[in-house]
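Here it is, the structure, as structure tokens.
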Amino acid sequence: MSTDPAGASAPGTTAGPGEPPSEHRPDPSEAPTWPEEFAARYRAAGWWRGETFGEMLSERANAHPDRIAVVDPTGGPDGGRRAWSYGELDRRADRMAAGLAARGIGRGDKVVVQLPNVAEFFEVVFALFRLGALPVFALPAHRKSEIVYFCSFTEAVAYVIPAVHDGFDYRELAATARAEVPTLKHVFVSGGDAGEFDSLAEVPAEPAFLPEPAPHDLAFLQLSGGSTGVPKLIPRTHDDYIYSLRGSNEICAVDEHSVYLCVLPAAHNFPLSSPGSLGTLYAGGRVVLCPSPVPDEAFRLIESEGVTITGVVPPLALVWTEAAPRSAYNLNSLSVLLVGGAKFSEETARRVRPALGCTLQQVFGMAEGLVNYTRLDDPNETVVTTQGRPISPDDEIRVVDDEDNDLPVGEAGHLLTRGPYTIRGYWKAPEHNARSFTEDGFYRTGDIVRLTPTGHLIVEGRAKDQINRGGEKIAAEEVENHILAHPAVHDANVVAEPDPYLGERTCAYVILRPGADPLRAPAVKKFVRERGLAAYKVPDRVVFVDAFPKTGVGKVSKKDLRAAAPAPTA
Ligand code: OOB
């Protein structure tokens, strides 16, 4: 049953001629959307074509039912290879949708999906797309703190997990989530013993007629890297996201012959859509799921599955370029390596082609929307020194000073953006939206960039209070709040410090309460971990201080704290 008003008619959103009916239009008070004049422009330009994910899969399945859509190298009954054709994925999505509907899950319902790189990820998300229920994309690394928050904030009705993955038992996490979140009626367990919950494999049922969502409906909630105490949710529509796939495919030359290796966690925006697994499925290509990013595993799959394109974060690109020349695997099929999520050093960028024999494309993207790519025909200097240019001619880019004044080309400033696949506001976050978006709808990315005369962007830094740990984003405030919960802690500040491999790692500066029992760094880390924070957010280093450096107006100077970091050691 739908517990959410998103399915209800929203006031003031009557459909114009040629537009889909407005009955399922998302409630703008929950998810701010594009003003009608922009929506009309994006439709007229052909960016929004009225497609939905459900239809996309059935069209591909009708056109080429036997072509392989998804390969899961270890997902078979005995840990062997599984390959699902488009026809099979389509049938499975239909049957899963029917089974979920029979359990009362429907339009507008939120379902937290926390699956690793397994074929069921696609079965579940396409089923939810068909139902008009919204996947909330959690990462396998998330723990109690994040999961309980996602479930309660979205009033999720269901949560989909593996039984055990990477040695962690997700059923225990689900038990906590269910005890703490009253709306959470269902937990579905993929692979292994479901215990007290339902086995995902037993959900599918005979397909029944299900009304499809409309192209302007929300398709899912993606997670923001965040810079605030709790992560923000990003509402993406079918129309806008599918446009980003189509645009990415064209720029990265993804077509029906492409074989995309999904190395990063499948739910993250980069491997999902840049061009990622969904872009590849849109093109009718093949997605190969990589269970582990270590070179031996990934290189073996590149050779055996004839992988043509993949995407990784900079630390992984570094490891791969070092491992490739010594590897016995043949990587000849690989033609494009996308690198993004964090700044890629020019030095390593130059080593990609000699080491891996493929073309590098830098990607500077964000789950909120805007994605920039270097182009396949860009000169090598542009590819190794810039983070690319936007997908769309309708992506508006502004580089501004602290007062929002536009800066001349070449000067570094705050990146603001607006366009056909960049959200106009986070989900249910009006106060935060007032800060993160300008009045005329530009998203304040929090990134400091410089534009080149060719329109390419160079990322120079960041103004948001976030740590980018090798592509994994950590909101300083979120970690600070957890440390502050310790009874011996008076105050805490978390900042980035340089790391030769990750680019950045986290350092927590802590002031203890006067008279409190002495505390050591490992105890702080343990305390944070036990509060159920994802491991990548646990501070790498904890330093006890008597006071924090202050700015002229008496605020804590994170800039000075960052400057206090020791030089990186290799
Ligand atoms: C991707 O998405 P998110 O949402 O995890 O993180 C977005 C932020 C950006 O605002 C920027 O701060 C940083 O990650 N970032 C980069 C970068 N790519 C992302 N900073 C420097 N250089 C780059 N190449 O990370 C994401 C989404 C889609 C495609 C690629 C990455």
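Quick one: which of 96-105, 481-490 comes out on top by average Cβ neighbours within 10 Å, and what's the full order, highest first?
96-105, 481-490
So how far, in whole Å, is the C-alpha centre of segment 25-47 from the one of segment 196-212?
Measuring centre to centre over Cα atoms gives 32 Å.
Can you list which of the trypsin sites (Lys or Arg not before Pro) found in segment 494-558 are DSSP loop residues with at most 12 other C-beta atoms within 10 Å?
Arg520, Lys555
What does the charge dipole of segment 60-125 about its Cα centre add up to, to the nearest 20 debye, if the Cβ of each Lys and Arg holds +1 and the Cβ of each Asp and Glu holds -1?
160 debye
If Rh is defined by the Kirkwood formula over all Cα pairs and Rg also comes from Cα, what ratio Rg/Rh do you get for segment 404-460?
1.01
Based on alpha-carbon atoms only, what is the radius of gyration of segment 370-525 relative to the globular estimate 2.2 N^0.38 Å?
Normalised Rg, Cα atoms only: 1.29.
Same structure again: Loop-only check: which chymotrypsin sites (Phe, Trp or Tyr not before Pro) in segment 501-570 are DSSP coil with at most 14 other Cβ within 10 angstrom?
Counting only loop positions with at most 14 other Cβ atoms within 10 Å, the chymotrypsin sites (Phe, Trp or Tyr not before Pro) in segment 501-570 are Tyr501.
When only Cα pairs under 8 Å and 6 or more residues apart are kept, what is the percent relative contact order across the chain?
Rounded, it is 11 percent for the chain.
Which of the peptides 302-312, 280-290 is most tightly packed, and how do the rest follow, going by the mean number of other Cβ atoms within 10 Å of each residue?
So the order, starting with the most tightly packed, is 280-290, 302-312.
Placing +1 on the Cβ of each Lys and Arg and -1 on the Cβ of each Asp and Glu in the chain, which of Pro549, Leu407, Ala101 has its Cα farthest towards the positive end of the resulting dipole?
The one lying farthest along the dipole's positive direction is Pro549.
Using the C-alpha gyration tensor of segment 470-563, what are the square roots of 5 times its eigenvalues, in whole angstrom, with the largest one first?
Output for segment 470-563: semi-axes of 20, 18, 11 Å.
Further, regarding this structure: Just the Kirkwood number for segment 157-250, please: inverse of mean 1/r across all distinct Cα pairs, in Å, one decimal.
16.3 Å
A follow-up question, please. Provide the three semi-axes, in whole Å and in decreasing order, of the ellipsoid equivalent to segment 38-92 as defined by the square roots of 5 times the Cα gyration tensor eigenvalues.
Equivalent ellipsoid of segment 38-92: 33, 12, 8 Å, largest first.
Where both partners of a DSSP beta bridge lie in the chain, what percent of those bridges are antiparallel, to the nearest 5?
55 percent
Assuming 1.002 mPa s and 20 °C, estimate D for the chain with Stokes-Einstein, Rh taken as the Kirkwood radius over Cα pairs, in µm²/s.
Taking Rh from Cα pairs, D becomes 88 µm²/s.
While we're on this one: Along the charge dipole of the chain, Cβ charges K/R +1 and D/E -1, which of Thr422, Leu261, Asn493 sits furthest on the positive end?
Asn493
Quick check: pseudo-label points 7 Å beyond the Cα along Cα→Cβ at Glu411 and Ala563, how many nm apart are they?
2.3 nm
Work out how much length Phe168 to Glu403 would gain on full extension: take 0.36 nm times their residue separation and subtract the Cα-Cα distance, in nm to one decimal.
79.9 nm
What 222 nm value per residue comes from the helices of the chain, counting each DSSP H run with n ≥ 4 as -39,500 (n - 2.57) and dividing by all residues, nearest 500 deg cm²/dmol?
-8500 deg cm²/dmol, from helical runs alone.
Relative contact order of segment 470-563, please, whole-number percent, based on alpha carbon pairs below 8 angstrom and at least 6 residues apart.
Rounded, it is 27 percent for segment 470-563.
Given +1 on the Cβ of Lys and Arg, -1 on the Cβ of Asp and Glu, and no further charges, what dipole in debye does the chain carry about its Cα centre, rounded to the nearest 20?
It works out to roughly 1080 debye.
How charged is the neighbourhood of Ala565? Take every other residue with its Cβ under 12 Å from the Cβ of Ala565, and add Lys/Arg as +1 and Asp/Glu as -1.
Residues close to Ala565 contribute a combined charge of 0.
Can you compute the FRET efficiency between Val545 and Thr454 using 1/(1 + (r/R0)^6), with r the Cβ-Cβ distance and R0 = 56 Å? Round to the nearest 0.05.
Working from the Cβ atoms, E equals 0.80.
Can you compute the charge dipole magnitude of segment 470-563 about its Cα centre, using +1 on each Lys and Arg Cβ and -1 on each Asp and Glu Cβ, nothing else charged? Give it in debye, rounded to the nearest 20.
40 debye
Next question. Stokes-Einstein D for segment 455-516 at 10 °C, 1.306 mPa s, Kirkwood Rh over Cα pairs, in µm²/s?
122 µm²/s
Now a separate question. Give the Cα extents of segment 215-349 along the principal axes, in whole Å, largest first.
Its Cα atoms span 47, 38, 27 Å along the three principal axes.
Take segment 95-232, compute every pairwise Cα distance, and split them into 5 Å bins from 0; I just need the percent in each bin.
2, 10, 22, 24, 22, 13, 6, 2, 0
Compare the peptides 261-272, 385-396 by average per-residue count of other Cβ atoms within 10 angstrom and give them in order, highest first.
261-272, 385-396
How long are the semi-axes of the equivalent ellipsoid of segment 325-412, taking √(5λ) for every eigenvalue λ of the Cα gyration tensor, in whole Å from largest down?
30, 14, 11
Right, next: Kirkwood Rh and Cα-based Rg: tell me the resulting Rg over Rh for segment 129-204, rounded to two decimals.
Radius of gyration relative to Kirkwood radius: 0.93.
Read-outs throughout are calculated quantities, based only on the coordinates presented, and are distinct from any laboratory measurement. These figures come from a predicted structure and were not determined experimentally. Methodologically, a virtual Cβ is constructed for each residue, glycine included, from the backbone with ideal geometry; neighbour enumeration extends over all protein chains shown.
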